[in-house]
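Data block below; observations after.
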């Protein structure tokens, strides 16, 4: 029996090694295949994009006479606008997809800087935000980029189609208006730290862990050392301090919120978030942009950053690991849906 288990264990170890090797090769190939491309700002006129899509559909479903009539009507309107020198206000649209390290911040800061250089008092900024949160200081920096827009007194609308939780809501709360889809996830105003501890495992194998520090609290809770109640208490104190800063930030931009009720670490779906004051309107970003297109010029901005191969490779590995972590999020939220 023991010989069988040993053989099976060896087979399992070989299988895992092969699978991990294949994953590394696939990630490397994918990262190598993605060209860095030229760095710079890409701008797209969303009005023209939507008109092009509509024209493509009309060319199939409308009669020839109707297409001629529509074209003549549009030409007449464009001519009238040109004659009257009509200049419509602009909405600058930014997409921010967050991850644990808020790695899209370098692009965001360039996009915001470009907007602030050209925006007038009639313009506004719309951010399509998808962010489940992550590292505190990284998401704090992301929120600071949006604060630059608020400090300029430009209207800032944040649209949440899927999720703006924890650090994601730290970004969202800066907005002058938050729009959320009915089943978007908002809130999770709390702080979390979870660390595995292998101290007993090391003891069982006769392995000592040495750690030398200068400063009483240079290191408290660790993965390999023996953690004390004092260590845990200090970590708890630090988390409470971060939580207090989080609540202060939310209160600054949404002073009407009942923090005792919503700063519990819980999350809510769009309809309930609206009732609690975490959101201001219930709609998707598609609905909002369609409505805005009737009266404003919409410009989508994306700052593309050229990354060297090494960073693209590491980014591919990080992305793979975060997708694994995202499964936990998805299972957590799906488990609460009615069956």
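Annotations for the structure displayed:
- Subset of segment 89-102 [surrounded by fewer than 19 Cβ atoms within 10 Å (Cβ to Cβ) and within 16 Å of the chain's Cα centre (by Cα)]: 95, 97, 100, 101
- Selection from segment 87-101 of residues that are in a loop (DSSP other than H, G, I, E, B) and closer than 14 Å to residue 160 by Cβ: 98
- Those residues of segment 267-285 which are outside any helix (DSSP H, G or I) and free of Cβ contacts under 8 Å to residues at least 40 places away in the same chain, in sequence order: 277
- The set of residues in segment 133-158 that are assigned to a loop (DSSP other than H, G, I, E, B) and surrounded by fewer than 22 Cβ atoms within 10 Å (Cβ to Cβ) comprises 134, 135, 152, 153, 154, 155.
- Residues in segment 173-188 that are touching a helix residue (DSSP H, G or I) at 6+ places or on another chain (Cβ under 6 Å), surrounded by fewer than 24 Cβ atoms within 10 Å (Cβ to Cβ) and within 16 Å of residue 262 (Cβ to Cβ): 173 alone.
- Set 59, 32: member being more than 29 Å from residue 289 (Cβ to Cβ), touching a helix residue (DSSP H, G or I) at 6+ places or on another chain (Cβ under 9 Å) and either at pLDDT 80 or above or exposed (fewer than 13 other Cβ atoms within 10 Å of the Cβ) (or both): 32
The values are calculated or read from the model by the stated rules, or taken from the named source; none is laboratory data. Nothing here was measured: the structure is a model prediction, and the numbers come from that model. Glycine gets a Cβ as well: all are built from the backbone with ideal geometry, and neighbour counts include every protein chain shown.
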